[in-house]
There are 2 protein chains.
Amino acid sequence: MRIGIDMMGGDYAPQEAVKGVLQYLQSSSPVVPLTLIGDEQPVRSLFQDIPEILRFVHAPEIIGMNEHATRALKEKPESSIAKGFKLLAAGEIDAFVSAGNTGAMMVGTFYNIKSIEGVLRPTISTLMPQINGGYSLILDVGLNADCKAENLFQFAVLGSLYAQHILKIEDPRVALLNIGEEEGKGNLLAQAAYPLLKASPQIHFIGNIEGRDILTGKADVMVTEGFTGNVLLKMAESLYDVATHRGFGEDEYFQRFHYENYGGTPILGVSKPVIIGHGISGAAAFRNMIVLAQKMLESDLLSKMKASFVI
Amino acid sequence: MRIGIDMMGGDYAPQEAVKGVLQYLQSSSPVVPLTLIGDEQPVRSLFQDIPEILRFVHAPEIIGMNEHATRALKEKPESSIAKGFKLLAAGEIDAFVSAGNTGAMMVGTFYNIKSIEGVLRPTISTLMPQINGGYSLILDVGLNADCKAENLFQFAVLGSLYAQHILKIEDPRVALLNIGEEEGKGNLLAQAAYPLLKASPQIHFIGNIEGRDILTGKADVMVTEGFTGNVLLKMAESLYDVATHRGFGEDEYFQRFHYENYGGTPILGVSKPVIIGHGISGAAAFRNMIVLAQKMLESDLLSKMKASFVI
């Protein structure tokens, strides 16, 4: 088991990536071998000693945060992102973590890593802090701006497995985000998705939830299309700043909206763990992303997802 | 000029409606004549003296908060909502305010009050408290769960006029709620709406805004379809409870998310002012709804909207 880390991704790379690796090595047990992908000398020079568990792969090129994803991947085969995906596809690493160009991470995933057979559209999720403690998963949060009912159903299955095996929630309650509580409410998409969710023996579907329930612990997994989900994700992220502005930045609950505290989001529905971090990721976010990749590998989440989509 | 009020609508009617009327009469200047529609004796008995400016219209039937809208309106012609719309259609009142059954208010509006000529779909909006002070308008917030680009464009025109004449914002900045900042981003609907908004000389379009901008004062009018808008409205409403739960219920900013403090929402795009309040409306919400109706009449907003849709 080996996790690959893009050391050049994110606004504070490679310094924060290195700090995150060190935090991971100090705070986690057992630790997994890591492959650090990036401009080798500068990255090495940031370590005082090189722990034995680290391996380096030199990647002299960098894909900038605002570069065109497809073009950059094509024109920069020696970039840390392009190399990371090559290593992942070849099985030299088992998971890949980056806080770099999100578009390039998406395109890299789709070009290099197969979708799980039967999954129509991979998805990304975020953790929404709940007022009564813990987190609920909401998905999709932006990968799929236009969805069909079948996509929402598959997001529910993927999210439910993630909640079960990574968040350790037994029998996670899955809800459809909607604009009314009763069956039959909603836009055409929600109306079409509801019966698919209701009929499935694979998930514990509790029905519709509304906007007021997003933070109140009513559901463990909340399913929606990527437009509404992305707007909610970004609005939720802004709540930490809002609270800080009002002088409540130290509040434990509002702090949980701070991106740093939970790290990155995995692309669900592809056959290997790929975790994408926020551009502003600091050391804690890098550490958390490595921990998440480790959990995904140790729980064998991907095999469970694959088994769920066998026809 | 005369405003009609449904005295039987809302969870705390008629007591809170009566208190709201009294608050309005005490705090506003000049006051507009009011027509109180409801079960006359119980309503009258809640006043110590009857101010001369009040007129009563007896409506012995009540439409419950959970009744089927169309059926209830048909079967209860003597209800306060049915009577209110008859008075409004006949010109005996110039605006109608209710905190009653939202569905019945919608159906009543569409059956009795014409849309403004050229408006494809009337819309409802809400005020989103901004961290730097003031409010921005977001629409649609639930009347139109599925929209076409042309609908979003018309919401922008209606919202811009409302912001200008009611919120008194000169040259309101109109933005398209989206999942990326650049033109071309978004779901199919947002991609199609952007050029319509950009090309219009009727509005001051500033481009896309994202979820993180909803509370930060970046735009005065934010346009989206009724699914996303409704989820955001209800999530925003929950922020007051969240803040209270964390011990910040007294914070001035979070208090502004409390529904009570801004009252109801007008149906925009119909030819007369109809204002719908939250079921939990208390006295202040009733007063604020009456004030809003008065502003809509005094500013002659409806004529300005009609003029905007003349082809």
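The values are calculated or read from the model by the stated rules, or taken from the named source; none is laboratory data. Being a predicted model, the structure only gives us computed values, none of them experimental. Note: ideal-geometry Cβ built from the backbone for every residue, glycine included; neighbour counts use all protein chains shown. Quick note on the areas: whole protein, heavy atoms, side chains included, nothing else; ligands and nucleic acids left out. Shrake-Rupley method; radii C 1.70, N 1.55, O 1.52, S 1.80 Å.
Are any residues in the stretch A:181-191 open to solvent by less than 30 Å² (accessible area, probe 1.4 Å) and of a type in the set (S, T, N, Q), and if so, which ones?
Hit for the stretch A:181-191 is A:187, nothing else.
Go through (1) closer than 19 Å to residue B:127 by Cα; (2) surrounded by 17 or more Cβ atoms within 10 Å (Cβ to Cβ) and name the single condition residue B:194 misses.
(1)
Return the residues of the stretch A:268-298 that are of a type in the set (S, T, N, Q), at pLDDT below 95 and open to solvent by 10 Å² or more (accessible area, probe 1.4 Å); say none if nothing qualifies.
Of everything in the stretch A:268-298, just one residue is of a type in the set (S, T, N, Q), at pLDDT below 95 and open to solvent by 10 Å² or more (accessible area, probe 1.4 Å), namely A:288.
Of the residues B:99, B:90, which is open to solvent by 30 Å² or more (accessible area, probe 1.4 Å), under 18 Å from residue B:293 (Cα atoms) and of a type outside the set (Phe, Trp, Tyr)?
Working: B:99 fails: open to solvent by 30 Å² or more (accessible area, probe 1.4 Å).
Only one candidate qualifies: B:90.
Answer with yes or no whether residue A:306 is open to solvent by 20 Å² or more (accessible area, probe 1.4 Å) and assigned to a helix (DSSP H, G or I).
Yes, satisfied.
So, of the residues in the stretch B:111-129 that are over 30 Å from residue B:217 (Cβ atoms) and in contact with a strand residue (DSSP E or B) (Cβ under 8 Å, 6 or more places away or on another chain), which turns out to be least open to solvent (accessible area, probe 1.4 Å)?
That would be B:113.
Evaluate the stretch A:107-123: report whether one residue or more is under 30 Å from residue A:252 (Cβ atoms) and modelled with pLDDT of 95 or more. So that I can check it myself, show each step before the final result.
Keep residues of the stretch A:107-123 that are under 30 Å from residue A:252 (Cβ atoms), which gives A:123.
Then drop every residue that is not modelled with pLDDT of 95 or more, which leaves A:123.
Yes: the stretch A:107-123 contains one or more residues that are under 30 Å from residue A:252 (Cβ atoms) and modelled with pLDDT of 95 or more.
Look through the stretch A:168-180, keep the residues that are more than 12 Å from chain B (Cβ to nearest Cβ) and open to solvent by less than 50 Å² (accessible area, probe 1.4 Å), and return whichever of them is nearest to residue B:225 (Cα to Cα).
That would be A:175.
Pick from B:38, B:10: which is touching an Asp or Glu at 6+ places or on another chain (Cβ under 9 Å) and modelled with pLDDT under 95?
Of B:38, B:10, the one residue that is touching an Asp or Glu at 6+ places or on another chain (Cβ under 9 Å) and modelled with pLDDT under 95 is B:10.
Out of the residues in the stretch A:216-234 that are surrounded by 24 or more Cβ atoms within 10 Å (Cβ to Cβ) and without any contact (Cβ under 8 Å) to a residue 60 or more places away in the chain, state the one that is nearest to residue A:129 (Cα to Cα).
Per the criteria, the residue is A:231.
Could you check the stretch A:207-222 and list, in sequence order, the residues that are over 19 Å from residue B:229 (Cβ atoms) and of a type in the set (A, V, I, L, M)?
Residues satisfying the conditions are A:219, A:221.
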